1. Within region 14-28, identify whether any single residue is modelled with pLDDT of 95 or more, among the charged types (D, E, K, R) and in contact with a Leu (Cβ under 7 Å, 6 or more places away or on another chain), and answer yes or no.
2. Which residue is farthest from Q72 (Cα to Cα), if the candidates are limited to region 33-50 and must be surrounded by 12 or more Cβ atoms within 10 Å (Cβ to Cβ) and of a type outside the set (A, V, I, L, M, F, W, C)?
3. Any chance you could count how many residues in region 5-32 are touching a Lys or Arg at 6+ places or on another chain (Cβ under 9 Å) and surrounded by fewer than 18 Cβ atoms within 10 Å (Cβ to Cβ)?
4. What number of residues in region 51-106 are closer than 13 Å to I11 by Cβ and either basic (K, R) or loosely packed, with under 11 Cβ neighbours inside 10 Å (or both)?
5. Scan region 8-20 residue by residue and report those that are without any contact (Cβ under 8 Å) to a residue 24 or more places away in the chain and within 10 Å of the chain's Cα centre (by Cα).
Amino acid sequence: MSAGEKPQVTITDAPAEHRYEATVGDKLAGYAAYLRAPQLIAFIHTEVEDAYEGQGVGSALARGALDEARAQGLRVVAICPFFEGWIERHPEYQDLLYEAASQVTD
């Protein structure tokens, strides 16, 4: 891979591990941990291995996981600051965000 070239990242759901995994070749490059309910997925932590920092692995994870959430009709809760920031920068995914039906306050 030449300088500036992004690696080919594969995103897969690993439900037994409660996370989406990003692999480059046969190496785990990062993951996005989640909690899932019938109509909701909450992304709670994202981690990218140091060797893959700045190479688009986090963005590939977010895009892949959110595309799958959309395909499954799930609403998204972005607890993880990475996912929260990524969705803010990509308005085409903001419609996935969960909003509580109740507007009751104290």
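The values are calculated or read from the model by the stated rules, or taken from the named source; none is laboratory data. Quick caveat: nothing in here was measured; it's all calculated off a predicted structure. Heads up, the Cβs are rebuilt from the backbone with ideal geometry, glycines too, and the neighbour counts pull from every protein chain shown.
1. Yes: one or more hits.
2. Only one residue tops the list, namely E49.
3. If we filter region 5-32 for residues that are touching a Lys or Arg at 6+ places or on another chain (Cβ under 9 Å), which is where we start, we get 11, 13, 15, 18, 31-32.
Next, only the ones that are surrounded by fewer than 18 Cβ atoms within 10 Å (Cβ to Cβ) stay: 13, 15, 18.
Qualifying residue count, region 5-32: 3.
4. 2
5. R19
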